[in-house]
Structures are given as C-alpha cells and as structure tokens.
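Contents: one structure, followed by commentary.
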Amino acid sequence: MGMSYNFSMSYEGKAKIMKDGPSEGTMIMYFKDDVTAGNGKKKAVIEGKGKINKAITLKLLKLVEENAIPTHLIEDIDDRSILVKKLKIFPLEVVVRNKATGSIVRRLGLEKGLEFERPLFEIFYKNDDLHDPLICQEHAFMLELIYPDDLLIVRNRALRANEILKEYFTSIGFDLIDIKFEFGVDEEENIYLADEISPDTMRLWAKGTTESFDKDVFREDKADLLSTYLEVAKRMGLKIEGF
Ligand code: ATP
Ligand code: TYD
C-alpha cells in the first residue's frame, strides 16, 4: 500500500488552536472558550471554558499515561495550553460506548441508557464535508485512513483507556457513558493517544441517573455549561483560577 500519514499543520479548530511548539516535533495545544454542537451549527463563547477543559484534559492524559497508554502530552504550559508531541492524526474519531445514547440510539433504535455487556468500539471518518460518518473498518482500509495493524493497536488502547477512565469517574460519582478519542503517529510511526479528554468529548452522567455533566447540557439546552463543567473539575479535585 502506498499510503503515508500526514503531519498536522498549525491550525485553528472549533475548540482549540494548534501551533508549532518551541522545539522540533512539538505543538502547543491552546484551549479556546468556544463551544459548538451539531457540526458547528450551534455556537457560543463561554468565558472560562477553555481553562476548565485544559485542566481536565491535563489530569486525564496524565492518568491514562500512568496506566501505560502512551499519550501526546509532554508538559503543562499555562492555564490554557499544554505542550504535546506533533503527530500525524489518523482521520478517525474513535468512540467507545458503555451505555447507549446519542447517535447509536437514533441509528439503531436502542433504548437510551441500555448498558452494553462489553464496551462498543466504533470509528467515524473525520470529514466535515461528509459530517463525520460512522464507517466500517473495511472502509477505513479502502480509504487508506489507517493500516489494519495500527487499527488493532488503536482499538486495544481505546478500550483500555475507556476502562481506566470509567473506573476513575465511578470513584468520583459519575458514570462514563461514551467517549471519543483521537490517535496519531510520530516520525517513527509510534502511536499515541492525542487531542483532548474533556466533557466536550465524552458523556458523564451522575452515578445511577441520566443527569448529564457534559456537552449535552449545551446541545440540548438542559443546564448551564460553565457550572456543569466546573462541577466535574471540582469533583476531580481541580482548582481553576478565577472560579
Ligand atoms: P476536527 O474535526 O479536526 O477535530 P475541530 O475544529 O473540532 O476539528 P479542534 O479540536 O478545535 O478541532 O482542533 C484540534 C485539532 O488538532 C484537531 O484536528 C485534532 O485532530 C488535532 N490534534 C490533536 N492532537 C494533536 C497532536 N498531538 N498533533 C497534531 N494535531 C493534533
Ligand atoms: P455520538 O453519540 O456518536 O454523537 P452525537 O453527539 O451526535 O450524539 O457521540 C459519542 C461520543 O463521542 C460523545 O461523547 C461525543 C463524542 N464525539 C465527539 O466528541 N466528536 C465526534 O466527532 C464524535 C463522532 C463523537
């Protein structure tokens, strides 16, 4: 196969800004206050959100790293930024689900809250024009998005990271319902867990309930996003300056 993965460039996304870092092979990940839903259709700027998601991401990347999952985290920079390894990101949104909600409920008609016997692993093609469609593994290989051997590694690590995070959130009073991961490779083709891990990219319900502590409060206008995310940070033992 003639495919090769491409390195990301400096880039302003919907929630973050990625800039080249101080040394070769590094990038600065800056967390913005912007929040979007429905592929950018619903938008807001919520002052302080970037700081909260940065603090949550930093702690969770450290937690998975301590549990033997290599991540892109190099070090903390300031209240809105972390230094990460510059990677070629697989154009896949890797989702792991513990309970049914969101798109799987709409697609398969499952009951919201149904608990899966084993966590479900899904891949979505990161392509805004196509609205990030759910794809099969065979599609990913045909489109040359990832090598089969790399997808096996990504699958194992995503399932393991879900286990670690699920156990951690249980210990602080939340059920981890589902979560999105991104992975990428460095120059030597080593695979790392990348991007953020925050209430923007996972669903948390108060233990034993369906009460959301994640971006669904914004998607569905259910509660105030800032106080919801602050509650998650507080239960994680994080202090956010200014709050
Ligand atoms: P996307 O659909 O690409 O995720 P977005 O606008 O939602 O777009 P943001 O989260 O705002 O994206 O921007 C972060 C971007 O940085 C993403 O495209 C993500 O894949 C990429 N990224 C995350 N970690 C790394 C890394 N270590 N090296 C290079 N790029 C990265
Ligand atoms: P999913 O139920 O597929 O999407 P929707 O938000 O349309 O109901 O999402 C599963 C989980 O993965 C959820 O926690 C949100 C997260 N996710 C992202 O953060 N970005 C994505 O592009 C996708 C597909 C999911």
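Annotations
- Neighbour-limited loop hits for GluC sites (Glu not before Pro), segment 66-169 (at most 13 other Cβ within 10 Å; DSSP other than H, G, I, E, B): GLU111, GLU144
- Of TYR11, TYR229, TYR30, the residue with the greatest mean-square motion in the GNM of the chain, using alpha carbon springs below 10 Å, is TYR11.
- Segment 1-89 shape via C-alpha gyration tensor axes, a/c threshold 1.5: oblate
- MRE, 222 nm, helices only [DSSP H, n ≥ 4, -39500 (n - 2.57), over the chain, to nearest 500]: -8500 deg cm²/dmol
- Unsatisfied cross-links (Cα-Cα over 31 Å) in the set LYS19/LYS126; LYS19/LYS234; LYS49/LYS112; LYS86/LYS222; LYS88/LYS207; LYS19/LYS207: LYS86/LYS222; LYS88/LYS207; LYS19/LYS207
- Shape call, segment 5-56: gyration tensor on alpha carbons, a/c limit 1.5: oblate
- Calculated P(r) of the chain - Cα pairs past 23 Å, %: 49 percent
- Euclidean distance between Cα centres, segment 31-79 to segment 182-196, Å: 16 Å
- Loop-located trypsin sites (Lys or Arg not before Pro) in segment 83-133 (DSSP state other than H, G, I, E, B) with a sparse environment of at most 13 neighbouring Cβ atoms within 10 Å: LYS112.
- HN-Hα J in Hz across segment 214-228 - Karplus 6.51, -1.76, 1.60, θ = phi - 60°, x for Gly and Pro: 7, 5, 4, 4, 7, 3, 10, 6, 8, 6, 6, 5, 4, 5, 5
- Residues ASP224, ASP129, ranked from the fewest to the most other C-beta atoms within 10 Å, line up as ASP129, ASP224.
- Overall form of segment 200-243 per C-alpha gyration tensor (a/c, 1.5; a/b vs b/c): oblate
- For the options GLY21, GLY184, GLY102, a Gaussian network treatment of the chain with springs between C-alpha atoms closer than 10 Å singles out GLY102 as fluctuating the most.
- Sorted by Cβ neighbour density within 10 Å, fewest at the top, the residues HIS139, HIS131: HIS131, HIS139
- Most fluctuating residue given options SER171, SER103, SER198, as computed from a GNM of the chain linking Cα atoms under 10 Å: SER103
The numbers here are math on the coordinates, done by the rules we state, and not lab data. Computed from a predicted model, the values in this text were never measured in an experiment. Here the Cβ is made from the backbone with ideal geometry for all residues, glycine too, and neighbour counts use every protein chain on show.
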